[in-house]
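Values quoted throughout were computed directly from the atomic coordinates according to the rules given, and no laboratory measurement underlies them. As the structure is a computational prediction, the values presented were derived from the model and not from experiment. Methodologically, a virtual Cβ is constructed for each residue, glycine included, from the backbone with ideal geometry; neighbour enumeration extends over all protein chains shown.
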Amino acid sequence: MLENGGNAVLSGKIELGDDDSFAQFLARPRSIPIRYLKLNSDGGRVSVAAQIALNVRRAGISTIVDASTSRCESACTLIFAGGVRRFYLNARGVVDGIGPGMGIAFHRGNDLNVTGMGKKEDPSVTQRMISTFQSMGMPAAEKFVMMAGVEDLYRISAKSALESRVATSLTAP
């Protein structure tokens, strides 16, 4: 976690305990409240990301993914969903489909929380992801989750993100 004024950056793998660290980060006294959280993560623990998403929403923070410099994959998409406004920037070059790249990407849930490996599909984890997306007002994300397997990533274009309400804006705040 980095912070500059009302902006924060969350980057790296989402691991056990990060939800507690994020809650402590938000609870710190500051003269300017955090208004924007920029994300750059290839994912990690779904249960942890779902709790961070709840804290983001409760704090009234907007989330940002800038596809020219960062990615928000797997469990990171849950944190993105937590934003009261969700900005998907510089994603004109991102195309819908499975493959490597930058920007926002989804896949089905896996057994990472159980085995630490994340190689086997776990329908309960997929359901946890879908429930989190629904509770955050992003129900169309379910279709993107289901378009990939456990190890594939389904990236979404700016157009798809806006039309499906995964993103609420394609322009910077």
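Assorted remarks:
- CD proxy at 222 nm, helix term only [per DSSP H run n ≥ 4: -39500 (n - 2.57); per residue of the chain; nearest 500]: -9000 deg cm²/dmol
- Candidate lysines - alpha carbon under 23 Å from Lys159, same-chain residues fewer than 8 apart omitted: Lys38, Lys143
- Calculated from backbone phi, Karplus (6.51, -1.76, 1.60) coupling profile of the stretch 154-162 in Hz, x at Gly/Pro: 9, 7, 10, 6, 4, 4, 5, 4, 6
- Model label zone, Asp96; criterion: amide N under 20 Å from point 7 Å along Cα-to-beta-carbon; scope the stretch 58-76: 67, 72-74
- Once the mean of 1/r is taken over each pair of separate Cα atoms and inverted, the stretch 76-173 shows a Kirkwood hydrodynamic radius of 13.6 Å.
- Distant-in-sequence amide H partners of Ile14 (H built 1.01 Å from N, under 5 Å): Gly43, Gly44, Arg45
- log₁₀ of I(q)/I(0) at q = 0.18, 0.20, 0.23, 0.31 Å⁻¹ - the stretch 121-161, Debye sum with one point per alpha carbon: -0.51, -0.63, -0.80, -1.15
- Computed from the alpha carbon positions, the gyration tensor of the stretch 2-163 leads to an equivalent ellipsoid with semi-axes of 23, 19, 13 Å, biggest first.
- Span-like helix ranges in the chain, DSSP H, alpha carbon extent 15 angstrom or more, Kyte mean at least -1.0: 46-58, 123-135
- Mean separation of Cα contacts under 8 Å (6+ apart) over length of the chain, as relative contact order %: 20
- Backbone geometry of the stretch 2-17 corresponds, through the Karplus equation with coefficients 6.51, -1.76 and 1.60 at θ = phi - 60°, to 3J(HN,Hα) couplings of 10, 9, 8, x, x, 10, 9, 10, 10, 9, x, 5, 8, 10, 3, x Hz, x marking Gly and Pro.
- Linear extension gain, Asn7 paired with Val84, 0.36 nm per residue minus alpha-carbon span: 26.3 nm
- Loop-resident sites, the stretch 16-47, for trypsin sites (Lys or Arg not before Pro), counting at most 14 other Cβ within 10 Å (DSSP): Arg30
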